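Input: one structure, supplied below.
The values are calculated or read from the model by the stated rules, or taken from the named source; none is laboratory data. Model, not experiment: these values are computed from the prediction. Because the Cβ atoms are built from the backbone with ideal geometry, glycine has one as well, and the counts that use them run over all protein chains shown. Remember, those area values only see protein heavy atoms, side chains included, never the ligands or the DNA or RNA. Shrake-Rupley method; radii C 1.70, N 1.55, O 1.52, S 1.80 Å.
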Amino acid sequence: MPKVITAREAEELLRKGEAPPAGAILTPAARDVLGGGSLQSAFRGTGARAAAKPAATPAAAPATPDLEFRWTPGSDPRTPAEIAAFFRSPALQVLKERICDIGRRLWQREYTDGNGGNITIRVGDNLALCTPTLICKGFMQPADMCLVDLDGNQLAGTRKRTSEAMTHFGIMKRQPAAKSCVHAHPPHATAFAIANVDIPSCLIPEAEVFLGKIGVAKYQTPGTPANADEVGEVGKEHQAVLMENHGVICWGKDVEDAYWKMENIDSYCRTVWIAAGLGGGLHRFSGRHARELIDIRQKLGMPDPQSEAVVSAVAAQILRQLGGK
Ligand SMILES: [Zn+2]
């Protein structure tokens, strides 16, 4: 079993100028300590590296970090022993720590209150890690996490799963690209959700690219099958969903990706709210520019469940609304 390097151990290794054991796995916090990237790149320039001979091989090509969890289809653990081993595996330990990290960031930005919000990561055909119920997202420990199947049956973990996991799975069952969901009650976006005010589009380019078209799910009682169906249907085609009279749920290829959407939507709503109070109106950019942003989103490979035809139709609709050409 590969050794998992914690942040404290990473600090100790850095201090000694030593490299970690071959094949070791870095926790997210340890990666932060080491400045990101691979173990090899992390130790480039440390004492250990400086004392070593020059590398015989050229430096690796620049890469974009990829946190997506991938599994072999049909390989879900089945027996109690297999499930227990999987739940304790280094790979899931990394994901549990990552969920705690995202929870802390949600709480620090005041996107969650009390025990609000929940986080899931899909880890198999019919498996997901999720946060427990009745816990403050700012102070979770990896040992608090739950392993459940996509029907909500709890398979591992000492704390009871969140009641809103089924809402996340409503999206995951309909949209395979949704590997992680983050739900919270960020005040600015949630204000639009309770005031029943549409979030205007074509105001800030980054929002168009990184959020895409924001979906709106009709109000249903949280935690109910009706809510899972409503949010699932809307979330199938939108990475950021405003839940009427409730909050926001976002999805991505990994939990960091899903969380970024949460920051994106609340920051956007906050800025729109401030701008709307300035008295000068909201100045949208032109239809041509809107279409260019949709093209950028597609070229970036952002998961866009909408077909080319639908995207074109949306672009045409925006063009019509704006009177562009
Ligand atoms: Zn909620």
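If the limit is 22 Å between Cα atoms, which of K137/K173; K160/K236; K96/K218; K96/K179; K3/K173; K173/K299 go over it? Provide the component values of the computation, followed by the final result.
Values: K137/K173 25 Å; K160/K236 27 Å; K96/K218 31 Å; K96/K179 14 Å; K3/K173 33 Å; K173/K299 26 Å.
Among K137/K173; K160/K236; K96/K218; K96/K179; K3/K173; K173/K299, the Cα-Cα distance tops 22 Å for K137/K173; K160/K236; K96/K218; K3/K173; K173/K299.
Sort 229-236, 110-117, 180-187 by the packing proxy (mean of other Cβ within 10 Å over each peptide's residues), most packed first.
Listed from highest to lowest mean packing, they are 180-187, 229-236, 110-117.
Using a 1.4 Å probe, how large is the accessible area of T162, given in Å² and rounded to the nearest 10?
Here the residue's solvent-accessible area equals roughly 10 Å².
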